[in-house]
Every structure is written in C-alpha cells, then in structure tokens.
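The values are calculated or read from the model by the stated rules, or taken from the named source; none is laboratory data. Nothing here was measured: the structure is a model prediction, and the numbers come from that model. Ideal geometry is used to build each Cβ from the backbone, glycine not excepted, and the neighbour counts take in all protein chains shown.
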C-alpha cells in the first residue's frame, strides 16, 4: 500500500495513482498539507524543523514521509514539498522540490532543481518524479 504527503503538488500524486484501475488495492491515502499548520497537524512535522529549515527542505520532506507512513496503512510513503512558482529566492529558487520516501527499512530524501519552468510544468515534473520514486521502491 502507498500513501503520499503532498504540498506543492496539491494532490496530483494521489490523483495519478487513483486513475489506475484497481488502485484501491495499492493506494491507502493522501495528505495534502499545503500550509505549515497542516504539515504539523496531519503529519506531525515539528514546528522546530519548519522554523530551522523552512517548509522547502529535505528535513521537512523526511518528516512528512515519516508522518504519512505512521498515519496510514501503507508500507511506502512519498512526500513532496517545493516552490512551484512564481517566486522563490536566491537560497530557495523557483523549481526546487524536496522529496522523501519512507518504508519500514528507512527514509531517504533528495532535492531536485527543475528550474523556473512555470508553475504547471514544475508541479507535473514533481508528480512524475514522485511516481518514479514509488515505482523504484516497489520493483
């Protein structure tokens, strides 16, 4: 079973997974946690982590994935937090997206720099990257 915790993609991973016929056999639930408060309330992300690293960080992606795994019946949880645009800063540019993947054997994180390609393209690229992480985990 799979769970996802999404911020900048706003449920796009959950939507993609549930488009598959028979998806109820592989998809448990999705958490759309766009605000910091939602990340804290629904996934147990630490306010201290958010303050220290910001929402767009591998540390928050890790805690999001951990929380999704713990708060679901899934064996795999993927998390996404990023800056789809417009906007960003010198330190956290538009197109930066952090991912987490949690399983019983541990949690990995990584950051992808998709670039300032526009909100729609960054969100779709993040969705596709997360689906790839799930695919790699189950094969």
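Within the stretch 117-139, residues that are touching a residue at least 12 places away in the same chain (Cβ under 8 Å) reach partners that are buried (at least 17 other Cβ atoms within 10 Å of the Cβ) and in a helix (DSSP H, G or I) with beta carbons closer than 7 Å, at six or more positions or on different chains, in the pairs 123/12; 127/12; 127/13; 127/16; 130/13; 131/13; 131/16. All of (1) within 17 Å of residue 127 (Cα to Cα); (2) in contact with a helix residue (DSSP H, G or I) (Cβ under 8 Å, 6 or more places away or on another chain) hold for residue 59 with one exception: (1). When the stretch 2-45 is filtered for residues that are part of a loop (DSSP other than H, G, I, E, B) and within 16 Å of the chain's Cα centre (by Cα), the ones remaining, listed by number, are 7, 8, 9, 10, 11, 33, 34, 35, 44, 45.
The condition of being touching a residue at least 60 places away in the same chain (Cβ under 8 Å) and either in contact with a helix residue (DSSP H, G or I) (Cβ under 8 Å, 6 or more places away or on another chain) or at negative phi (or both) holds for only one of 54, 10, 44, 30, that being 10.
Taken together, the criteria exclude residue 19 from residues that are more than 13 Å from residue 134 (Cβ to Cβ), surrounded by fewer than 22 Cβ atoms within 10 Å (Cβ to Cβ) and touching a strand residue (DSSP E or B) at 6+ places or on another chain (Cβ under 8 Å). Counting only strands (runs of 3 or more DSSP E) that sit completely within the stretch 70-139, those holding 2 or more residues that are modelled with pLDDT of 95 or more, touching a strand residue (DSSP E or B) at 6+ places or on another chain (Cβ under 9 Å) and surrounded by fewer than 17 Cβ atoms within 10 Å (Cβ to Cβ) correspond to 106-113. Taking the criterion of being over 12 Å from the mean Cα position of the chain (by Cα) and not in a helix (DSSP H, G or I), the residues of the stretch 46-69 that qualify are 46, 54.
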